[in-house]
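Trainee: Quick one: the structure is below, questions incoming.
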Amino acid sequence: MDSSRGKEKAALESLAGGDPFGSVEPVKKPTGRLIMHSMAMLGREFCYAVEAAFVTPVLLSVGLPKSLYSLVWLISPILGFVLQPVVGSASDHCTSGWGKRRPYILALGIMMLLGMALYLNGDMMVSALSPERGKQRTWAIVITMLGVVLFDFAADFIDGPIKAYLFDVCSHQDKEKGLHYHALLTGLGGALGYLTGAMDWGNSVLGRFLGSEFQAMCIIAALVFLICLTVHLCSIPEAPLRDDSTETKLLLKVDGPSEYGSIESVNNGYLKPGYAEKKTLSELGKSTETPQTQVQTRMTIKCLLKAVLSMPSHYRCLCISHLIGWTAFLSNMLFFTDFMGQIVYHGNPYAPHNSTAYLTYERGVEIGCWGMCINAISSSLYSYLQKALLPYVGLKGLYFIGYLLFGIGTGFIGLFPKVYSTLALCSLFGVMSSTLYTVPFNLIAEYHREEESQKEQHGGEAEAIGRGKGIDCAALTCMVQLAQIIVGGGLGFLVSAAGSVIVVVICASAVALTGCCFVAFFVRFVE
C-alpha cells in the first residue's frame, strides 16, 4: 500500500509540477473554450427576446384579465428572490460526478424549454386535449401563466450557476475575459432574438405548417437554445466534488484557494479527481496533519441563512448597488415599448383596434422593439470596448460610467421624447446592460481573489465562513428578482398616479443617478 501510494504521489507531482496539493493556478483556457462557455448566455438571451416580443400578444390572445397581469410578473421574481441563494448553496455542495454546476444548468435549461413550450403553445394544447369550449379559455390562461412563470424562474436562476461555473474552472485573468464574452454574446443573443421576432413567421412555410407564428418561434427558439446549451455544457470540464465510488464522507486536503467550497485548485481539467488525498472520518483521529482539511457537507437552511446574514459589508454594498442598477434598468426596459407608443408616437392603447390612434400606438411599439435591438447590439459592442477601457479607468470607472450614461440618457429621453433622438439614446441602454452583466461579477471575483491571498498569507488558517462562489453569485443575481418585485409592484401605481407613462423614464434616470453616488462612495474596489 505504501509503495502504491508513493507511486501515485510521484505521478501527481509530475503532473502538477510539484506538491500536488499545493496552490495550483488553473491553466489558461483557450479563447475558443471561453466562447463556447459563453454560448449559454446567447441562447438564454435569445429566448428572453422571444418572450419580450411574444408574451404580451400570447397573454392577450388567451384572454388573460388585466387584473392578473401583475400576478404573472411578480410570482417568478418572488420565488427567485427566496430560492436563488438556496440553489447557489446547493450547487456549492453538489457531489455529482459531472461537476458541481452543470447538473443544475442542465436542469434549469430543461425547465426553460418546458416553460417556453407551455406559454407559446398553451392555447393549442388545450384545444387539442379539451373538447369543452367553456373550459378551454380557463385552462389556456392557467397553462400560459404557468409557462411564463416557469420560464422566467428558470431563466433568472440559470445565470448564477453559469457564472459560478466560470469562476470554478478559470484563472483570474480568464474569469475577466470570460465575463466579457458572456456580455458580448448576451447582447448578440438579444439582438438576434429581437430580429427573429420581428419577422413575419405566420405567413412563412414553417408558420403555415405548424399552424401559427407562435409555434414557429417556439421551434426556432428551442433549437437555438438547445444548441447553445449543449456547446456550453461541453466547453470546459468540471471536477466532481468527490469520488463517486466512495460512499462515505470524504475529506479533501486543500490549500487556501478552496475556501469557498471549490476544489479547482486541485483538479479542474488537469488533475483527475481520483488523485485527491482522501481520509475517512475514522482516520481523522489518527492523522497528524495540520488542520487544513475541510468536510464537504451539504448546507442546511439554518447554515444558509447564517451565511447570507453574515455576508461581509463590501459584498452587501455590492448587492445594494446591483439592486439599484437593475431597478433603474428594468424600470425603463419593461415599459419602453409602451413609452414609445404613447409618448413618442402619441398613440392610444385603449382606443378601438381599427382606429388611427391604436394603429399609431402599434407603430410606436414596433419602433420600440427596434430600440431594444439597438440596446442589445450596443451592449455587445460595449462589452468588447470594456476590455480596452479597463486598464485606463478600472472597474470603478466602468461601473460609474455605466450608471451615469444610463441616467443621463433616460433623462434626455424623458425631456425630449422624439423618435430619432430616442433611438440614438437607446445605445446608452446597452452600456448599462453590459455593465450590469460584467462589472459586479468581476468585483466578486476580485473579492474572492483577495480573500484567497489573505488566507495564503496566514498559512491557510483563516476561518471558513461556509459560503461558496455559487451562493455569492446567487446573492448577487437574486437582486435582479428583488428589482423586478419593486418595479412590478411600484411603477404601475406611479403611472396611475401621474397619469402618464413618462414618469417611468424619469424614475429610471433618478434611480440610476442615485446609483452613481452609491457606486462612488460605498462600493469597495480592490486595488
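The values are calculated or read from the model by the stated rules, or taken from the named source; none is laboratory data. Just so it is clear, the structure is predicted and the values come from calculations on it, not from any experiment. When we count neighbours, we look across all protein chains shown, and the Cβ atoms used for this are built from the backbone with ideal geometry, even at glycine. For the accessible areas, the whole protein counts, side chains as well, though only heavy atoms, and no ligand, DNA or RNA atoms are used. Shrake-Rupley method; radii C 1.70, N 1.55, O 1.52, S 1.80 Å.
Trainee: Among Tyr382, Tyr392, Tyr420, Tyr403, which is among the hydroxyl-bearing types (Ser, Thr, Tyr), open to solvent by 10 Å² or more (accessible area, probe 1.4 Å), assigned to a helix (DSSP H, G or I) and closer than 21 Å to Ile506 by Cα?
Mentor: Numbers: Tyr382 fails: closer than 21 Å to Ile506 by Cα; Tyr392 fails: closer than 21 Å to Ile506 by Cα; Tyr403 fails: open to solvent by 10 Å² or more (accessible area, probe 1.4 Å).
Going through Tyr382, Tyr392, Tyr420, Tyr403 in turn, the sole match is Tyr420.
Trainee: What's the number of the condition Thr230 fails, among (1) assigned to a loop (DSSP other than H, G, I, E, B); (2) modelled with pLDDT of 85 or more?
Mentor: Against the list (1) assigned to a loop (DSSP other than H, G, I, E, B); (2) modelled with pLDDT of 85 or more, Thr230 comes up short only on (1).
Trainee: Then there's this: Out of all the residues in segment 435-442, is one or more in the same structural domain as Ala475 (by the TED database), closer than 23 Å to Val480 by Cβ, among the aliphatic types (A, V, I, L, M) and at pLDDT 90 or above?
Mentor: Looking for residues that are in the same structural domain as Ala475 (by the TED database), closer than 23 Å to Val480 by Cβ, among the aliphatic types (A, V, I, L, M) and at pLDDT 90 or above, one finds at least one in segment 435-442, hence yes.
Trainee: Name, by its number, the condition in (1) at pLDDT 90 or above; (2) more than 30 Å from Lys177 (Cα to Cα) that does not hold for Leu323.
Mentor: (2)
Trainee: A further question on this structure: Would you mind finding the one in Gly63, Gly99, Gly80, Gly88 that is modelled with pLDDT of 75 or more and either under 20 Å from the mean Cα position of the chain (by Cα) or not in a helix (DSSP H, G or I) (or both)?
Mentor: Numbers: Gly63 fails: modelled with pLDDT of 75 or more; Gly80 fails: modelled with pLDDT of 75 or more; Gly88 fails: modelled with pLDDT of 75 or more.
Within the list Gly63, Gly99, Gly80, Gly88, the selection yields Gly99.
Trainee: Is it true that Cys478 is touching a Leu at 6+ places or on another chain (Cβ under 9 Å), modelled with pLDDT of 90 or more and in the same structural domain as Gly347 (by the TED database)?
Mentor: Details: touching a Leu at 6+ places or on another chain (Cβ under 9 Å): yes; modelled with pLDDT of 90 or more: no; in the same structural domain as Gly347 (by the TED database): yes.
Against the criterion (touching a Leu at 6+ places or on another chain (Cβ under 9 Å), modelled with pLDDT of 90 or more and in the same structural domain as Gly347 (by the TED database)), Cys478 does not qualify.
Trainee: Any chance segment 173-181 includes a residue that's open to solvent by 20 Å² or more (accessible area, probe 1.4 Å), in a helix (DSSP H, G or I), under 17 Å from Met36 (Cα atoms) and at pLDDT 85 or above?
Mentor: Within segment 173-181 (the criterion being open to solvent by 20 Å² or more (accessible area, probe 1.4 Å), in a helix (DSSP H, G or I), under 17 Å from Met36 (Cα atoms) and at pLDDT 85 or above), the answer is yes, since at least one residue qualifies.
Trainee: Moving on to the next point. Looking at segment 349-360, is at least one residue aliphatic (A, V, I, L, M), in a helix (DSSP H, G or I), under 21 Å from Ile506 (Cβ atoms) and open to solvent by 20 Å² or more (accessible area, probe 1.4 Å)?
Mentor: Checked segment 349-360: no residue is aliphatic (A, V, I, L, M), in a helix (DSSP H, G or I), under 21 Å from Ile506 (Cβ atoms) and open to solvent by 20 Å² or more (accessible area, probe 1.4 Å).
Trainee: Further question on the same structure: Hey, among the residues in segment 447-475 that are of a type in the set (D, E, K, R) and touching a helix residue (DSSP H, G or I) at 6+ places or on another chain (Cβ under 7 Å), which one's modelled with the lowest pLDDT?
Mentor: Arg467
Trainee: Please work out which one of (1) over 17 Å from Phe54 (Cα atoms); (2) open to solvent by 10 Å² or more (accessible area, probe 1.4 Å); (3) aliphatic (A, V, I, L, M) is the condition Leu192 fails and give its number.
Mentor: (1)
Trainee: How many of the residues in segment 481-516 are out of contact with any Gly (no Cβ under 7 Å at 6 or more places or on another chain) and surrounded by fewer than 23 Cβ atoms within 10 Å (Cβ to Cβ)?
Mentor: Filtering segment 481-516 for residues out of contact with any Gly (no Cβ under 7 Å at 6 or more places or on another chain) gives 482-501, 503-504, 507-508, 510-511, 514.
Still in the list and also surrounded by fewer than 23 Cβ atoms within 10 Å (Cβ to Cβ): 482, 485-486, 488-501, 503, 510, 514.
Adding up the residues that qualify gives 20.
Trainee: Here are the criteria: (1) out of contact with any Ser or Thr (no Cβ under 6 Å at 6 or more places or on another chain); (2) under 20 Å from Glu45 (Cα atoms); (3) open to solvent by less than 20 Å² (accessible area, probe 1.4 Å). Tell me which single one Gly368 does not satisfy.
Mentor: The single condition Gly368 does not satisfy is (1).
Trainee: Only one of (1) surrounded by fewer than 24 Cβ atoms within 10 Å (Cβ to Cβ); (2) modelled with pLDDT under 85 is not met by Phe157, so which one is it?
Mentor: With respect to (1) surrounded by fewer than 24 Cβ atoms within 10 Å (Cβ to Cβ); (2) modelled with pLDDT under 85, Phe157 is out only on (1).
Trainee: Another question, if that's okay. Scanning segment 5-53 for residues that are farther than 29 Å from Leu184 by Cα and aliphatic (A, V, I, L, M), which turns out modelled with the highest pLDDT? If you could, list the steps in order and put the result at the bottom.
Mentor: Pass one, segment 5-53, residues farther than 29 Å from Leu184 by Cα: 5-24.
After this cut, where a residue has to be aliphatic (A, V, I, L, M) as well, the list is 10-12, 15-16, 24.
On the way: Ala10: 46, Ala11: 42, Leu12: 38, Leu15: 37, Ala16: 38, Val24: 51.
In this case the residue turns out to be Val24.
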